[in-house]
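The values are calculated or read from the model by the stated rules, or taken from the named source; none is laboratory data. Everything numeric in this text was worked out from a predicted model, so none of it was measured. So basically every Cβ, Gly included, is an ideal-geometry build from the backbone, and we count neighbours across all protein chains shown.
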Amino acid sequence: MSFLSNSVLAFSMSTDAFAAAIGKGVAMRKPRFTTALRIGALFGVIETITPLIGWLIGLAASSFITAVDHWIAFGILALVGGHMIFESFQEEAVEQHEHHKLHVLILTAIGTSIDAMAVGATLAFLDVDIWIVAGMIGAATFIMVTIGIMAGHQIGLRAGKIAERLGGLCLILIGSAILYEHLSRDGFGAVQLVH
């Protein structure tokens, strides 16, 4: 995958955390920048770890399913992307209290990073440097969550929902590109074998 693909993937993975951060920012009303940085760092670290866990799981299974790995990558990315788009249309109650205790933030960060674990599993089937991709996902999440916390009150929940929809769409497009690349390469190979 190219640097551009990795960047799109990283920011797509961070959109659900961004949407959650906006909700927290709305509830906190006037958060301090240092608080936003700490929350962003927490989300970023968790979002860096989860694709690595998924990659290890995918790596363990990759030897058994290499013939259909591109279909699995497409399927998982399409499902995660579709789920993100679906979730972005669901109504969410704005938190009325400042629920930014550590255990609540950790559970929220884990909840928003499950899709990164699933994507990490698909990356085991592709020729990527998982450390770079996971680092980019973590950095993008850190940036997006920090912005979401600080800007939550000004931009409101709607912007987070739109970002989540765009992130889901990007994942579906990346999955489709992976599938197209493998199918076209296999198709060309078949033509060459006939000749």
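Restricted to the range 17-61, and to residues that are β-branched (Val, Ile, Thr) and in contact with an Asp or Glu (Cβ under 9 Å, 6 or more places away or on another chain), which residue is nearest to residue 122 (Cα to Cα)? Filtering first and then ranking leaves 50.
Note on the range 160-183: residues that are basic (Lys, Arg) and without any contact (Cβ under 8 Å) to a residue 24 or more places away in the chain total 0.
Condition first: modelled with pLDDT of 85 or more, buried (at least 23 other Cβ atoms within 10 Å of the Cβ) and under 24 Å from residue 32 (Cβ atoms). Can you find one or more residues in the range 107-123 that meet it? No, the conditions are met nowhere in the range 107-123. So which of 79, 52 ends up being within 13 Å of residue 119 (Cα to Cα), assigned to a helix (DSSP H, G or I) and modelled with pLDDT of 85 or more? Step by step, each of 79, 52 is checked, and only 52 is within 13 Å of residue 119 (Cα to Cα), assigned to a helix (DSSP H, G or I) and modelled with pLDDT of 85 or more. Return a yes/no flag: does the range 88-98 have any residue that is of a type in the set (A, V, I, L, M) and either touching a Cys at 6+ places or on another chain (Cβ under 6 Å) or modelled with pLDDT under 75 (or both). Yes, that holds for at least one residue.
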